[in-house]
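These notes concern the structure reproduced below.
The values are calculated or read from the model by the stated rules, or taken from the named source; none is laboratory data. As the structure is a prediction and not an experimental result, all values here were calculated from the model. So basically every Cβ, Gly included, is an ideal-geometry build from the backbone, and we count neighbours across all protein chains shown. Areas reflect the complete protein model, heavy atoms only, side chains present, ligands, DNA and RNA absent. Shrake-Rupley method; radii C 1.70, N 1.55, O 1.52, S 1.80 Å.
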Amino acid sequence: MTLLRWKDEYSVGIEAVDHEHKELIDLINRLHAELDAPDAKLTVPAFFGDLLKGISAHFALEEKFMRDHGYGRLDPHKDDHERLLDELREIMDAFENAEEVDAVELSLRLDAWFTRHFRTHDAELHRAIGAHPH
Ligand SMILES: [Fe+2]
Ligand SMILES: [Fe+2]
């Protein structure tokens with residue numbers, strides 16, 4: 001089940017960042033699909049691991065870009081990255097400790113986790129310094 005879909009309007013005008021956003025969307029979609037599998041309890045932790053690795057590298061790239069451009073809203077953006085990493089670790093712990101996983105609830109939580117930042121801080125970065133790709 002594909003819940004998140006890339007749209008051109010999400011483009012921040014920086015090819016490397018767009019590419020990673022697409023990959024992260026893909027990873028979250030694969031995680032969604034995996035949650036419904038009967039062996040989810042065994043396979044999902046590896047997806048979470050990939051997501052945590054991918055998102056950490058992505059945040060580092062975005063933060064470097066913002067620093068290089070002297071972006072004025074770097075601090076609140078970076079704070080939100082930290083908050084997202086904490087929240088993802090919480091989601092992972094909750095998953096590992098749960099006797100029964102509510103896949104729907106977890107999917108909704110992951111969607112909200114990713115898209116809120118994407119549509120606020122990343123969109124703001126786009127408006128401030130992203131070159132319009134079209
Ligand atoms: Fe960001
Ligand atoms: Fe981002």
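One table, with the values for the structure above:
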quantity: Test: residue in segment 123-134 that is open to solvent by 40 Å² or more (accessible area, probe 1.4 Å) and within 15 Å of the chain's Cα centre (by Cα); calculated: no
quantity: Residue, farthest from residue 79 (Cα to Cα), within segment 29-64, restricted to residues that are of a type in the set (D, E, K, R) and open to solvent by less than 50 Å² (accessible area, probe 1.4 Å); calculated: 34
quantity: Segment 79-91: number of residues that are under 28 Å from residue 46 (Cβ atoms) and open to solvent by 30 Å² or more (accessible area, probe 1.4 Å); calculated: 6
quantity: Residues of segment 109-122 classified as near ligand 2 (Cβ under 10 Å from one of its atoms), modelled with pLDDT of 85 or more and more than 22 Å from residue 93 (Cβ to Cβ), total; calculated: 2
quantity: Some residue of segment 75-91 being at negative phi, touching a helix residue (DSSP H, G or I) at 6+ places or on another chain (Cβ under 7 Å) and away from ligand 1 (no atom under 16 Å from the Cβ); calculated: yes
quantity: Condition check for residue 107: under 18 Å from the mean Cα position of the chain (by Cα), loosely packed, with under 15 Cβ neighbours inside 10 Å, among the polar types (S, T, N, Q) and not in a loop (DSSP other than H, G, I, E, B); calculated: no
quantity: Any pair with Cβ under 7 angstrom, 6 or more apart, that starts in segment 46-59 at a residue that is in a helix (DSSP H, G or I) and ends at one that is among the basic types (Lys, Arg); calculated: 47/30
quantity: Pick from segment 1-42, criterion β-branched (Val, Ile, Thr) and in a loop (DSSP other than H, G, I, E, B), ranking: farthest from residue 95 (Cα to Cα); calculated: 14
quantity: Failed item, numbered, when residue 74 is tested on (1) more than 15 Å from ligand 2 (Cβ to nearest atom); (2) closer than 30 Å to residue 15 by Cβ; (3) surrounded by 11 or more Cβ atoms within 10 Å (Cβ to Cβ); calculated: (1)
quantity: Among residues of segment 25-79, those that are over 26 Å from residue 97 (Cα atoms) and of a type in the set (A, V, I, L, M), counted; calculated: 5
quantity: Residues of segment 16-55 satisfying the condition of being at pLDDT 85 or above and charged (D, E, K, R); calculated: 18, 20, 22, 23, 26, 30, 34, 39, 41, 50, 53
